[in-house]
1. Considering only DSSP beta bridges with both partners in the stretch 11-174, what is the antiparallel share in %, to the nearest 5?
2. Which of the trypsin sites (Lys or Arg not before Pro) found in the stretch 92-175 are in a DSSP loop and have at most 15 neighbouring Cβ atoms, other than their own, within 10 Å?
3. Which value in Å does the Kirkwood hydrodynamic radius of the stretch 65-110 take, with 1/r averaged over all unlike C-alpha pairs and then inverted?
4. Using the Cα atoms of the stretch 14-73 to build a convex hull, what is its mean projected area in square nanometres?
5. Measure off 7 Å from each Cα along the Cα-to-Cβ vector at Asn78 and Asn43, then give the distance between these two points in nanometres to one decimal.
6. Which order do peptides 38-44, 88-94 fall in by mean Cβ count within 10 Å, highest first?
7. Over the Cα atoms of the stretch 11-174, how large are the radius of gyration and the largest Cα-Cα distance (Dmax), in Å?
8. Filter Lys129/Lys156; Lys56/Lys137; Lys45/Lys129; Lys66/Lys156; Lys8/Lys156 down to the pairs with a C-alpha to C-alpha distance above 22 Å, please.
Amino acid sequence: MGNLASYKENLELIYEMAKLSPEMNYIIIGSVGSGELITNIENLKQLKNVYFLGPKEYSDLCRYFKYCDVAIITRRINKANEGGFPLKYFEYLSAGLPVITTDISSLSEFSEEIALGSVANTSEQFLEKIKYWLDIKKNDPSLWNNLLLKRLMIAKENSWNNRMDFLNQTLTKHL
């Protein structure tokens, strides 16, 4: 979900994952290359298990997420992403999805909480983690539901309202 731009997202990683796992579907919601001219998705378009749905209304995203099992964030580890925080992380959690993400520093405080998802950096690691989460969902519904409740709780703690309240308190304290 979001802007699929090559300076942010590792498109080669997505391609490798999709190519190695033709039994899995990869759904991409949002614009492609907005704000840059070099994003090339032609190789991804050739794969039968990658679907580009285009931009959607923010309020409609939950309708799409309910058909997903796992969310991935394949951020490049570079200067452009160093200070950024992928807000879609909390959107995915609020939909109850475990999130598998590259090892970006802005998410390090959440990487220790097993209920939230996993960290991976190669296509093989991502696929291993995706299969791990799919196995839990299929074979251990009790554990899945317990982890789901934890994801929803942390998403609620990091809602837009709570994050804005924190920002306001921090600014007020220092001004």
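1. 0
2. Taking the stretch 92-175 and a limit of 15 other Cβ atoms within 10 Å, no loop trypsin sites (Lys or Arg not before Pro) are found.
3. Taking the inverse mean of 1/r over all distinct Cα pairs, the stretch 65-110 comes out at 11.1 Å.
4. Result: a mean projected hull area of 4.7 nm².
5. Each label point lies 7 Å from its Cα, and together they span 1.5 nm.
6. Highest to lowest by the protection proxy: 88-94, 38-44.
7. Rg then Dmax for the stretch 11-174, in Å: 16.6, 53.
8. Lys129/Lys156; Lys56/Lys137; Lys45/Lys129; Lys8/Lys156
No lab work stands behind these numbers, since they all come straight from the coordinates. Not measured: the values here are computed from a predicted model. Reconstructed Cβ throughout: ideal geometry from the backbone, glycine too, with neighbour counts over all protein chains shown.
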